[in-house]
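Undergrad: Okay, here's the structure, questions in a sec.
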């Protein structure tokens, strides 16, 4: 049984990540205040690895998340982190408002 304490929001942000000498790319599949998962990963770092994930919230701008790999999936991995930076907290709040129908998603034109 999972011990999830915060809402996990589905995303499709491109990411680049590194864990020591391991570097890869993938897609941020979901994000919460305490964890995240990366799918379609080009490589899977070992469980317990400290990892830096650059989340491309806009095509040329990344927000960094530092985390620890806690599980491996068939095509990616999950991480635990100590919390979101202010920018990711705002993104998390926006995703929650969209999910609850309180806000419309902003579409690029």
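Undergrad: What does the extension gain come out to for residue 57 and residue 14, with contour length at 0.36 nm per residue minus their alpha carbon separation?
TA: Separation in residues times 0.36 nm, less the Cα-Cα distance, equals 14.7 nm.
Undergrad: If I stretch the segment between residue 40 and residue 21 completely, what's the gain in nm (0.36 nm per residue apart, minus their alpha carbon distance), one decimal?
TA: 4.9 nm
Undergrad: Further, regarding this structure: By counting other Cβ atoms within 10 Å of each Cβ, how are 58, 74 ranked from fewest to most?
TA: The order, fewest Cβ neighbours first, is 74, 58.
Undergrad: For 56, 77, which order do you get if you count the other beta carbons within 10 Å of each Cβ and list the fewest first?
TA: On the way: 56 15, 77 26.
In order of increasing Cβ crowding within 10 Å: 56, 77.
Each value in this text was obtained by applying a stated rule to the coordinates, not by laboratory testing. Just so it is clear, the structure is predicted and the values come from calculations on it, not from any experiment. Every residue, glycine among them, receives a Cβ derived from its backbone with ideal geometry; neighbour counts consider all protein chains shown.
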